[in-house]
Amino acid sequence: MKNVLILGATSDMAQAMAKKYAAEGWSLTLAALESELLDPIAGDLRVRSGTDVQALAFDATDFSNHRDFYESLETKPDAVICVFGYMGDQILACTDFDEARRIIDINYTGAVSILNVVVEAFEKRGSGSIAGISSVAGDRGRQSNYIYGSAKAGFTAYLSGLRNRLAKSGVHVMTVKPGFCRTKMTENLELPAALTATPEQVAHAVFQGLEKRRNTVYTLWMWRWIMLVIRHIPEVVFKRMGM
Ligand SMILES: NC(=O)c1ccc[n+]([C@@H]2O[C@H](COP(=O)([O-])OP(=O)(O)OC[C@H]3O[C@@H](n4cnc5c(N)ncnc54)[C@H](OP(=O)(O)O)[C@@H]3O)[C@@H](O)[C@H]2O)c1
């Protein structure tokens, strides 16, 4: 039975991914910051799917512990999905470096720290799949969320470089760029329904994308074309748009 390690497993997207992978017959290793929140999620999945589910504590910012975390896994995963993230408060982050650093550390530094360890093991084994949940916010910096966006841009570039380096190694790396998705992270935002994915749609796209060894997946699909247009708006016009 194949095993998937989901990092940030209490997130709404991650829970949908766990259900999808369990339904496809995979065993699950779920890792999250708050183990009291994770335990009931893992228990429910065990009962409903009958699959083997491990629940573990994991802090994306506890960098020095990442190697021990991976080495202590009873079952080494066939696939790793890096879902954790933190939107943070952009206005606060402009004046409070602790908030800016938290956004950067969770979305970028933490992802690099744990994935470097995963990649080392996958490369030695000559197999494995990695999906990183980045964001369309990383495709172009905007005034409303450029600290989060720049951390996601860094994560996107990291995944791209990793994919390039590992192209001949048997290890597959996929970048996932959700547009809007209805989750805890966006519960206070008004989102346009036609451009907003459900966590289940993202989970389906991640599963299919990894199965088909895709490079980059946008959810929903139209975000690829929206971001193509946004990336090509001349800077002089973009400044006037005040996005
Ligand atoms: N929702 C969207 O519209 C959207 C769009 C583009 C990209 N994304 C990305 O999609 C991913 C999933 O987000 P979501 O929308 O499902 O939101 P979410 O429910 O808020 O998920 C974020 C998850 O990250 C976890 N996390 C935060 N800090 C952590 C840390 N230090 N160590 C480990 N885990 C930590 C959170 O755990 P706690 O709840 O315990 O803090 C939570 O489970 C994120 O990477 C996000 O940036 C979301």
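The values are calculated or read from the model by the stated rules, or taken from the named source; none is laboratory data. Note that this is a predicted model, so its numbers are computed, not measured. We place every Cβ from the backbone using ideal geometry, glycine too, and count neighbours over all the protein chains shown.
Give the residues of segment 37-63 that are within 11 Å of the ligand (Cβ to nearest atom) and farther than 30 Å from Ala100 by Cβ, sorted by residue number.
Listed by number, the list holds a single entry, Ile41.
Tell me yes or no: at least one residue of segment 64-77 is among the small types (Gly, Ala, Ser) and either touching a residue at least 12 places away in the same chain (Cβ under 8 Å) or within 10 Å of the ligand (Cβ to nearest atom) (or both).
Within segment 64-77, none of the residues are among the small types (Gly, Ala, Ser) and either touching a residue at least 12 places away in the same chain (Cβ under 8 Å) or within 10 Å of the ligand (Cβ to nearest atom) (or both).
State all residues of segment 200-218 that are in a helix (DSSP H, G or I), over 16 Å from Val136 (Cα atoms) and touching a residue at least 24 places away in the same chain (Cβ under 8 Å); if no residue qualifies, say none.
Glu200, Ala203, His204, Phe207, Gly209, Leu210
Give segment 80-103 a look and list any residue that's aromatic (Phe, Trp, Tyr) and assigned to a loop (DSSP other than H, G, I, E, B), or say none. Talk me through it step by step, then tell me what you get.
Kept after step one, since they are aromatic (Phe, Trp, Tyr), are these residues of segment 80-103: 84, 86, 97.
Those that are aromatic (Phe, Trp, Tyr) and assigned to a loop (DSSP other than H, G, I, E, B): Phe84, Tyr86.
Could you tell me which of the residues Ala153, Ala194, Ala167, Ala157 is surrounded by fewer than 19 Cβ atoms within 10 Å (Cβ to Cβ), at pLDDT 95 or above and within 28 Å of Phe97 (Cα to Cα)? Spell out the reasoning first.
Working: Ala153 fails: surrounded by fewer than 19 Cβ atoms within 10 Å (Cβ to Cβ); Ala194 fails: within 28 Å of Phe97 (Cα to Cα); Ala167 fails: within 28 Å of Phe97 (Cα to Cα).
Answer to the selection: Ala157.
Kindly provide the set of residues from segment 104-138 that are in a helix (DSSP H, G or I), within 10 Å of the ligand (Cβ to nearest atom) and out of contact with any Pro (no Cβ under 9 Å at 6 or more places or on another chain), ordered by number.
Asp105, Ile106, Asn107, Gly110, Ala111, Ile114, Ala137, Gly138
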